[in-house]
Amino acid sequence: MTRAPERPPLDFSSAEDILGTLRAAGHRVSAPAARVLEVLFAADGPVSADDIAGAHPNLERTSIYRNLERLEALGVVSHVHVGHGPGLYALARGADQEYLCCDRCGTVTVDDPSELDDLRAALQADFGHVARFSHFPIHGLCASCHEH
């Protein structure tokens, strides 16, 4: 079973902040790490390793995954599992982002955790379960697919 790490995300506003954190933690800062961060900062939402490779075809997949793992261990990146596809990665800024995933069109909606507080409260009241939707999203149909 994949476990979502529970750790506070780092405070950063740029790729240079993250690269400085890597150096301070004793990590070597490589060109592939900078390229991975470049794609993550440019993305509107979570991206796959394939998306990163598509943006930088000269990067090897093993290097991309190694850098994503290292960035996740440092609290810079989080990942989410959406359906049966590859894991998606996003910058871990502030509070965890939580996700809704449409099973028909594949749209992934990024939500602030406070937007799901009522649902979380109902799950806790009814089942005693404190839910997080950052590692595994809520699946269903988006409004557009539900209408059709």
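Shape summary of the stretch 19-75, radius of gyration then Dmax from alpha carbon positions: 10.9, 30 Å.
Residues considered: 117, 44, 126. Largest GNM mean-square fluctuation over the chain, using C-alpha springs under 10 Å, is found at 126. Taking all protein chains into account, the per residue accessible area for the chain stands at 59 Å² (1.4 Å probe). Maximal additional length on extending the residue 56-residue 44 stretch stands at 2.6 nm, based on 0.36 nm per residue less the C-alpha distance.
Size of the stretch 89-141: Rg and Dmax of its alpha carbons, in Å, are 11.7, 33.
Quick check: the angle from helix 15-24's long axis to the longest principal axis of the chain, C-alpha only, nearest 10 degrees? Taking Cα atoms only, the helix is inclined about 70 degrees. Rounded to whole Å, the principal axis extents of the Cα atoms in the stretch 32-105 read 33, 27, 19, largest first. Between the Cα long axis of helix 61-73 and the first principal axis of the chain there is an angle of about 70°, rounded to the nearest 10. Computed from the Cβ-Cβ distance with R0 of 30 Å, the FRET efficiency linking residue 111 to residue 23 stands at 0.35.
Put 130, 82, 77, 110 in order of accessible area, highest first, and with a 1.4 Å probe you get 130, 110, 82, 77. Counting every C-alpha pair in the chain, the share spaced more than 21 angstrom apart comes to 48%.
Split the accessible area of the stretch 20-148 by element, probe 1.4 Å, and carbon with sulfur accounts for 52%.
Relative contact order for the chain: 21 percent, from Cα pairs under 8 Å spaced at least 6 residues apart, divided by residue count. Axis of helix 31-42 versus longest Cα principal axis of the chain: the two differ by about 40°, to the nearest ten degrees.
The values are calculated or read from the model by the stated rules, or taken from the named source; none is laboratory data. All values reported here derive from a predicted model rather than from experimental measurement. As a convention, Cβ positions derive from the backbone with ideal geometry for all residues, glycine included, and neighbour counts pool all protein chains shown. Surface accessibility is based on the protein's heavy atoms, side chains included, excluding ligands, DNA and RNA. Shrake-Rupley method; radii C 1.70, N 1.55, O 1.52, S 1.80 Å.
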